[in-house]
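Worksheet: the structure to be examined is printed underneath.
What follows draws every value from the coordinates through simple rules; no lab data is involved. The shown structure was predicted, so the numbers you read here are calculated from the model rather than taken from an experiment. Here the Cβ is made from the backbone with ideal geometry for all residues, glycine too, and neighbour counts use every protein chain on show.
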Amino acid sequence: MVSQPGHTSKAASTGKGDCVKPSRELFCAEYLKDFNGTQAAIRAGYKPHTAKQAGSRMLTFVDVKKRISELSAEILKRPVEDLKLRIRNELEQIGFADTTEILNDFGDIDVKQLKKFGAVVGSVKNGKDGLEVKFHSKIAALELLARYAGFVEESKQTITVSGGKVIVTIDAGRPHSEDAEDGS
């Protein structure tokens, strides 16, 4: 147990330009687990019989409130980052899969291999000649990955012609096309 966690002179950088004492940083992290100041104070090292007052006092400090807000924002960003990573991983599986591995030595589909290619397989059905497997487009997946990686830049130009608009979209990843729209 820490005897007086709130009275340490050492400071921890929050990475945001401010410094929060290590005991306060620990309190902030613990507080975000259940938003209970008393329990956060106990987990941060305060004695149970003083934790209610300590937790209440901690929540009045400007640096603690600010740090809790910063940590909350970081936590909220995680699901978005996790989703981006999952999408990228799925696209990589589709774009870089060697789908010939799904075939056995006789050129027939090996059903056991289908599980290995879960992200790559678009659909499976029984056809007149046996099992039919359709794969997601490798080209589309690679194109999306190229955009994700920043290899493809898109730019738009708007040109006004006699009261109407002509929108020209130039996509460096494909042959460019022109779409005309009447702005009136």
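Descriptive notes on the structure:
- Kirkwood estimate for the stretch 34-97, i.e. one over the average of 1/r between Cα atoms, Å: 14.4 Å
- Gain on full stretching of the segment that runs from Glu92 to Lys52 - 0.36 nm per residue minus C-alpha separation: 9.3 nm
- Highest-first arrangement of 41-50, 58-67, where packing means the average Cβ count within 10 Å: 41-50, 58-67
- Segment Leu59..Ala29, full-extension length gain: 9.5 nm, with 0.36 nm per residue of separation and the alpha-carbon distance subtracted.
- Nearby lysines by direct alpha-carbon distance to Lys21 (threshold 27 angstrom, same-chain neighbours under 8 apart not counted): Lys10, Lys33, Lys47, Lys52, Lys65, Lys66, Lys77
- Ranked Phe106, Phe117, criterion: other C-beta atoms within 10 Å, fewest first: Phe106, Phe117
- Linear extension gain, Ser72 paired with Lys84, 0.36 nm per residue minus alpha-carbon span: 2.4 nm
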